[in-house]
Amino acid sequence: MLRVVILGAAAGGGVPQWNCGCAVCQAARTEHPELQSTQASIAVSADGDHWFLINASPDLRQQLIATPQLHPKAGKLRHSPISGVILTNGEIDAVAGLLSMREGWPFTIYAHPNVLSILKANSIFNVLNEKNVQRQPIEVDKTFEPTLPDGSPSGIEILPFAVAGKSAWYLEGEPHPAGGAGAGDTLGLRVGDKATGKYFYFLAACAGVTADLKSRLAGAPLIFFDGTVWRDDELIAAGLGNKTGQDMGHIAMSGDNGAIQSLAGLDIGRKIFLHINNSNPALLRASTEREIIERAGWQIPADGTEIVL
Ligand SMILES: [Zn+2]
């Protein structure tokens with residue numbers, strides 16, 4: 001049995017974002033607190049006792065408090081059910097939460113060598129002593145099974161694969177610590193339960209849907225997919241920024257090349273948007289954009305939602 005808890009569904013900044021007065025952020029602060037959402041991360045477990053985070057958002061501390069499955073076991077002085085963190089990219093909203101896990105509990109970080117080199121190049125992450133917090137490089141197109149603290153297999157099989165994307169925003173115009181152009185900086189994951197064969201896909205960042213990606217996702221029981229913006233020029237049109245979704249490595253929900261259109265008709269069981277920016281009007285429950293995504297079979301999840309596969 002694969003258990004998934006959606007710790008947060010929002011893109012960088014969350015909902016509401018500290019310095020934002022857009023319609024969604026304003027509503028989330030006032031009459032619609034149900035719109036509040038923390039930054040994207042999920043937790044997954046095959047046995048219900050040991051959990052792996054997929055990305056560690058800056059809101060991790062708040063997310064752990066809100067998630068009983070991730071609380072220390074009763075009667076233990078020091079404990080966490082978290083056995084590891086799998087990173088799909090090096091963006092701040094995927095890695096900053098690691099700094100909230102610095103209190104000496106052993107766990108393993110699984111990430112592409114490019115992302116590990118980013119952590120290594122930023123000495124603040126040395127607070128996670130490598131004796132306690134091992135770094136395990138993962139390879140594109142090579143299945144791995146994260147392990148439990150005692151070294152035994154977790155029962156979770158993960159296949160990382162490269163998707164169209166960008167290096168972390170803060171590396172723009174900087175030499176990449178890994179030396180190369182940043183291929184491998186954005187990963188999708190296929191996460192499966194070895195015992196039952198059940199699986200899902202996780203793509204919190206994806207700049208475009210290729211034919212290859214379509215055939216990969218076809219027939220999947222569940223996908224979490226990049227829902228950053230409704231339309232590519234959304235931030236510019238709203239006067240909130242000067243970058244398009246594509247500039248940031250994110251596909252739009254709408255449009256001919258958008259996620260909804262590109263992933264239609266692929267017989268995917270459950271489609272959930274994740275990493276949704278507060279500028280995205282589909283967050284507003286009474287919006288036409290929300291109606292469109294729901295009619296197309298997509299969901300925007302509430303933080304804390306648990307799914308059992
Ligand atoms: Zn906003």
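The values are calculated or read from the model by the stated rules, or taken from the named source; none is laboratory data. Given the structure is predicted, the values throughout are model-derived calculations rather than measurements. Glycine also receives a Cβ, built like all others from the backbone with ideal geometry; neighbour counts cover every protein chain displayed. Side chains are part of the model used for accessible areas, which takes the heavy atoms of the whole protein and leaves out ligands, DNA and RNA. Shrake-Rupley method; radii C 1.70, N 1.55, O 1.52, S 1.80 Å.
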Checklist entry - Given 119, 77, which one is buried (at least 19 other Cβ atoms within 10 Å of the Cβ), over 21 Å from residue 201 (Cα atoms) and without any contact (Cβ under 8 Å) to a residue 60 or more places away in the chain? => result 119
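On the given criteria, is residue 103 closer than 17 Å to residue 58 by Cα and open to solvent by 70 Å² or more (accessible area, probe 1.4 Å)?
In short, yes.
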Checklist entry - Conditions: (1) at pLDDT 95 or above; (2) within 20 Å of the chain's Cα centre (by Cα); (3) not hydrophobic (A, V, I, L, M, F, W, C). Residue 219 meets all but one. Number of the miss? => result (2)
Next on the checklist: If residue 196 meets every condition in (1) over 24 Å from residue 11 (Cα atoms); (2) crowded, with 19+ Cβ neighbours inside 10 Å; (3) of a type in the set (S, T, N, Q) apart from one, which number is that one?
Outcome noted: (2)
Next on the checklist: So residue 237 passes all but one of these: (1) buried (at least 22 other Cβ atoms within 10 Å of the Cβ); (2) aliphatic (A, V, I, L, M); (3) more than 22 Å from residue 41 (Cβ to Cβ). Which condition number does it fail?
Outcome noted: (1)
Next on the checklist: Need the failing condition index for residue 59 against (1) touching a helix residue (DSSP H, G or I) at 6+ places or on another chain (Cβ under 6 Å); (2) under 15 Å from residue 95 (Cβ atoms); (3) open to solvent by 30 Å² or more (accessible area, probe 1.4 Å), just the number.
Outcome noted: (1)
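Could we say that residue 204 is touching a Cys at 6+ places or on another chain (Cβ under 8 Å) and either surrounded by 18 or more Cβ atoms within 10 Å (Cβ to Cβ) or modelled with pLDDT under 95 (or both) here? Give the steps one after another, and end with the answer.
On the way: touching a Cys at 6+ places or on another chain (Cβ under 8 Å): no; either surrounded by 18 or more Cβ atoms within 10 Å (Cβ to Cβ) or modelled with pLDDT under 95 (or both): yes.
Criteria not met by residue 204.
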Checklist entry - residue 132 is checked against (1) modelled with pLDDT of 80 or more; (2) open to solvent by less than 30 Å² (accessible area, probe 1.4 Å) and fails just one. What number does that condition carry? => result (2)
Checklist entry - When you scan the range 261-283, how many residues do you find that are surrounded by 22 or more Cβ atoms within 10 Å (Cβ to Cβ) and within 16 Å of the ligand (Cβ to nearest atom)? => result 8
Next on the checklist: Among (1) within 16 Å of the ligand (Cβ to nearest atom); (2) within 11 Å of the chain's Cα centre (by Cα); (3) at pLDDT below 95, there is one condition residue 91 misses while meeting the rest; what is its number?
Outcome noted: (1)
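Are any residues in the range 65-74 free of Cβ contacts under 8 Å to residues at least 24 places away in the same chain and either of a type in the set (Val, Ile, Thr) or under 14 Å from residue 305 (Cα atoms) (or both), and if so, which ones?
Here is the first cut: in the range 65-74, the residues free of Cβ contacts under 8 Å to residues at least 24 places away in the same chain are 65, 68, 71-74.
Hits for the range 65-74 are 65, 68.
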Checklist entry - Among the residues of the range 1-50, which ones are without any contact (Cβ under 8 Å) to a residue 40 or more places away in the chain and open to solvent by less than 30 Å² (accessible area, probe 1.4 Å)? => result 43
Next on the checklist: Please count how many residues of the range 45-66 are at positive phi and touching a Leu at 6+ places or on another chain (Cβ under 8 Å).
Outcome noted: 1
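Determine, yes or no, whether residue 150 is surrounded by fewer than 16 Cβ atoms within 10 Å (Cβ to Cβ), touching a Phe, Trp or Tyr at 6+ places or on another chain (Cβ under 8 Å) and not hydrophobic (A, V, I, L, M, F, W, C). Before the answer, list the steps.
Numbers: surrounded by fewer than 16 Cβ atoms within 10 Å (Cβ to Cβ): yes; touching a Phe, Trp or Tyr at 6+ places or on another chain (Cβ under 8 Å): no; not hydrophobic (A, V, I, L, M, F, W, C): yes.
Against the criterion (surrounded by fewer than 16 Cβ atoms within 10 Å (Cβ to Cβ), touching a Phe, Trp or Tyr at 6+ places or on another chain (Cβ under 8 Å) and not hydrophobic (A, V, I, L, M, F, W, C)), residue 150 does not qualify.
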Checklist entry - Could you say which residue among 258, 155, 245 is crowded, with 17+ Cβ neighbours inside 10 Å, under 24 Å from residue 17 (Cβ atoms), of a type in the set (Gly, Ala, Ser) and more than 16 Å from the ligand (Cβ to nearest atom)? => result 258
